[in-house]
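The values are calculated or read from the model by the stated rules, or taken from the named source; none is laboratory data. The shown structure was predicted, so the numbers you read here are calculated from the model rather than taken from an experiment. All Cβ positions, glycine included, derive from the backbone under ideal geometry; neighbour counts span all protein chains shown. Ligands, DNA and RNA are excluded from the accessible area calculation, which covers all protein heavy atoms including side chains. Shrake-Rupley method; radii C 1.70, N 1.55, O 1.52, S 1.80 Å.
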Amino acid sequence: MNDNQKSLILNSSSQYPLPQGVKLSYGTSGFRADASILESTAFRVGILSALRSLKTQSLIGLMITASHNEVSDNGVKIADPSGGLLSQEWEPFADAIANAPTPQHLIQLIDEFVKKENIEFDGVRSAEILLGRDTRPSGESLLEAAKQGVCSIVGATASDMGILTTPQLHWMVRARNKDSKATELDYFEQLSSSFRCLIDLIPNEIKINKTDDKLVVDGANGVGGEKLPVLKKKLNSLDIEVRNSGKEGGVLNEGVGADYVQKEKVVPRGFDSQDVGIRCASLDGDADRLVYFSVQSNNTSKIDLVDGDKILSLFAVFIKEQLSILDMEGDDKVDENYEACLGVVQTAYANGASTDYLKKLGLEVVFTPTGVKYLHEKAAEYDIGIYFEANGHGTILFSEGFLSRLEARNNELSSKSKGSEQQKAALRLLAVSKLINQAVGDALSDMLLVEAILQHKGWSIHDWSELYQDLPSKQLKVKVVDRTAVVTSNAETVVVRPPGIQEAINNEVAKYPQGRSFIRPSGTEDVIRVYAEASTQGAADDLANSVAKLADQFLGFGNSG
Ligand SMILES: CC(=O)N[C@H]1[C@@H](OP(=O)(O)O)O[C@H](CO)[C@@H](O)[C@@H]1O
Ligand SMILES: [Mg+2]
């Protein structure tokens, strides 16, 4: 780094000092904290994004959001050239610069990193960053700080894309780096046209039977609630009513949204007994998570939840069915045809009943630690990889190689047997690959795929929910002295440290039919999470409570004295 560059960073970073006592970590999904302490972080991540752009010689995204956290929080994260999350190799550098106590320390860290990574400031392409933010009031000033960070790197350009859903920004970064159309309008156009294509391919006999009912969506008073009406205008085969759009005066994520609905299993604000029997869905605060639900008829404050595991199962059923029509799946595949490698990725939080169901379908199910970065990476190893967290974050990844095969197959079929069931199956899979966000889980595109599949199958939300019965489950949080004392293995299902605790958990689990329980340190909160599953709700609650007690005994404050 030359002196001119150093003094540029020095001058601008002195305007964004690190507040005292702040210690931040890039975490499961970027930096997140109370918005009032994040300006220096946004500024520094702005610098990081420009360096990442120079290193990869590609466009990079920077998103200001704290997803489902309360409105007073905010956060900042990076979208890599593929549209995916920041490479994990750069996370330690992100942590280091976010916590650098003075501008001088900051410059030293950047200088060392630039040397280590061989980042050239006078390469062919100068740094280019797309910035977006969710609807949080603090977003504007944090975006400005991030922009100043980007612009403190010589030659870098920052384009403010305004208010976007997180997946929209990731989608744009991916599209721009592939030289495809990449505006917000292009995003809506791609989603709506591929959705229409799937609807047009619904077999006639099903279309006649289909129930033309409406979908009511809880927008979490966030950006998804703002964007959905725009998308809705482009879809005439779907009747959507948006509630909690943020325009009715409700507070972001307060008693609303996918995280609240999934964790509390109660109706969000704005929904009541009049909604019994109606298909409902909830987005989270930045619209990268989606869950469905219906209001219970006998207790209208409660819901029947259709979570990420069931969205995954619905997608898996549909994809498998299309592959089977194409003879690209299963034992009876036609020899000359290629057998597509379809994989499903879950975490330990996936309901055990969903895993059983998927395995019975004959699917390969693999587990990764919690966090989209792990699931996404694993899913990318398949021709078609479907991943979902139980909380509703997920997508379907199609490999480039498989898509070329599919294109070729479609061309061949369209000359030999145009309009055949096989060709329709190829067209459906191609439409899914365009509808579903290839960069990151996307509530809006996931929702359109759910709706298209339900119409295709002529299923109500009830039919869908009946795919399997969730095992009763319970999640608890336990405050401990030091959550990093817990070290896990086997996709976080086994505790290897501290010694003894896993044996104690095993002894508890053995007392419950269909019992399963694990603990792990949260990556986003200062707690240990306890998960338990058993054959009845009472048993799941009891098991969770006993395991929480064990966590407290081994790790809690009483133990440390
Ligand atoms: C049990 C649970 O829902 N954990 C969430 C939560 O992570 P924790 O590391 O459990 O705090 O936030 C992550 C980021 O949004 C999400 O990926 C993950 O699924
Ligand atoms: Mg989110």
Apply the Karplus curve 6.51 cos²θ - 1.76 cosθ + 1.60, θ = phi - 60°, to the phi angles in the stretch 125-137 and return the couplings in whole Hz, x for Gly and Pro. 10, 7, 5, 9, 10, 9, 10, x, 8, 8, 7, 4, x
Cα pair distances of the chain binned at 20 Å [whole percent]: 21, 53, 26, 1
Of Lys265/Lys360; Lys227/Lys247; Lys320/Lys474, those spanning more than 21 Å from alpha-carbon to alpha-carbon: Lys265/Lys360; Lys320/Lys474
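In what order, largest first, do Ser194, Ser237 sit by accessible area if the probe radius is 1.4 Å?
These residues rank, largest area first, as Ser237, Ser194.
Distance cut-off 31 Å, Cα to Cα: go down the list Lys232/Lys359; Lys232/Lys424; Lys302/Lys457 and report the pairs above it.
Long pairs (Cα-Cα over 31 Å): Lys232/Lys359.
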At a temperature of 37 °C and a viscosity of 0.692 mPa s, determine how fast the stretch 221-285 diffuses translationally according to Stokes-Einstein, using the Kirkwood radius over alpha-carbon pairs as Rh; express D in µm²/s, rounded to the nearest whole number. 264 µm²/s
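What's the long-distance tail for the stretch 481-561, i.e. % of Cα pairs beyond 21 Å? Walk me through the numbers before you get to the answer.
Working: 753 of 3240 pairs.
It works out to 23 percent of all Cα pairs.
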Calculated FRET value between Gln553 and Glu381, using beta carbons and R₀ = 35 Å, to 0.05: 0.30
Over the chain, with every protein chain in place, what whole percent of the accessible area is carbon and sulfur at 1.4 Å, could you tell me? 47 percent
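Please report, in whole Å³, the volume per residue of the convex hull around the C-alpha atoms of the stretch 19-58. Numbers along the way, then the final one.
Details: hull volume 3.3 nm³, N = 40.
Enclosed volume per residue, from the Cα hull, is 82 Å³.
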Calculate the spin-label point distance for Glu205 paired with Gln274, positioning each point 7 Å from the Cα along the beta-carbon direction, and give it in nanometres. 3.9 nm
With θ set to phi - 60°, apply the Karplus curve 6.51 cos²θ - 1.76 cosθ + 1.60 along the stretch 338-344 and write out the HN-Hα couplings as whole Hz, x wherever there is a Gly or Pro. 7, 8, 6, 9, 9, x, 10
Under the Karplus relation with 6.51, -1.76 and 1.60 and θ = phi - 60°, whole-Hz ³J(HN,Hα) for the stretch 517-528, x at Gly and Pro, equal 7, 8, 10, 7, x, 5, x, 10, 9, 7, 8, 9
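Set the Förster radius R0 to 25 Å, insert the Cβ-Cβ distance between Asn4 and Ile37 as r into 1/(1 + (r/R0)^6), and round the FRET efficiency to 0.05. Before the final figure, lay out the partial values.
Working: r = 31 Å, r/R0 = 1.22.
That pair, Asn4 with Ile37, gives E of 0.25.
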Which value, in Å² rounded to 10, gives the accessible area of Glu407 with a 1.4 Å probe and all protein chains present? 80 Å²
Mean residue ellipticity (222 nm) of the chain, computed from DSSP H runs ≥ 4 via -39,500 (n - 2.57), nearest 500: -13000 deg cm²/dmol
Accessible surface, the stretch 242-310, averaged per residue in Å² (probe 1.4 Å): 38 Å²
Cα centroid separation, the stretch 100-127 to the stretch 251-307 (Å): 46 Å
Give me Rg over Rh for the stretch 97-240, both radii from the alpha carbons and Rh done the Kirkwood way, two decimal places. 1.13
The stretch 253-302: projected area of the alpha-carbon convex hull, averaged over directions, in nm²: 3.1 nm²
Simple SL model, points at 7 angstrom along Cα→Cβ for Val496 and Ser404; separation in nm is 3.9 nm
Eligible aspartates and glutamates near Lys477 by straight Cα distance, threshold 17 Å, same-chain separation 8 or greater: Asp259, Glu264, Glu492, Glu525, Asp526, Glu533, Asp541, Asp542, Asp552
Computed over the stretch 346-476, protein heavy atoms only, probe 1.4 angstrom, the accessible area per residue in square angstrom equals 34 Å²
Taking amide H positions as placed in the peptide plane 1.01 Å from N, state which residues far from Glu364 in sequence (5 or more) or on other chains have amide H under 5 Å from it. Val344
Order the following by accessible area, largest value first: Trp464, Trp171. Probe radius 1.4 Å; ligands, DNA and RNA are ignored. Trp171, Trp464
P(r) tail fraction, the stretch 82-143 - alpha-carbon pairs more than 14 Å apart, %: 73 percent
Could you let me know the centre-to-centre spacing of the stretch 354-433 and the stretch 477-537, using Cα atoms, in angstrom? 32 Å
Hey, got the Cα dimensions of the stretch 419-468 along the principal axes, in Å, largest first? 31, 30, 16
So what's the projected area for the stretch 378-452, the Cα convex hull averaged over all directions, in nm²? 5.3 nm²
Would you mind checking which residues have amide H under 5 Å from Thr488's amide H? H placed 1.01 Å from N; only 5 or more apart, or other chain. Val496
Calculate the spin-label point distance for Lys360 paired with Lys479, positioning each point 7 Å from the Cα along the beta-carbon direction, and give it in nanometres. 4.3 nm
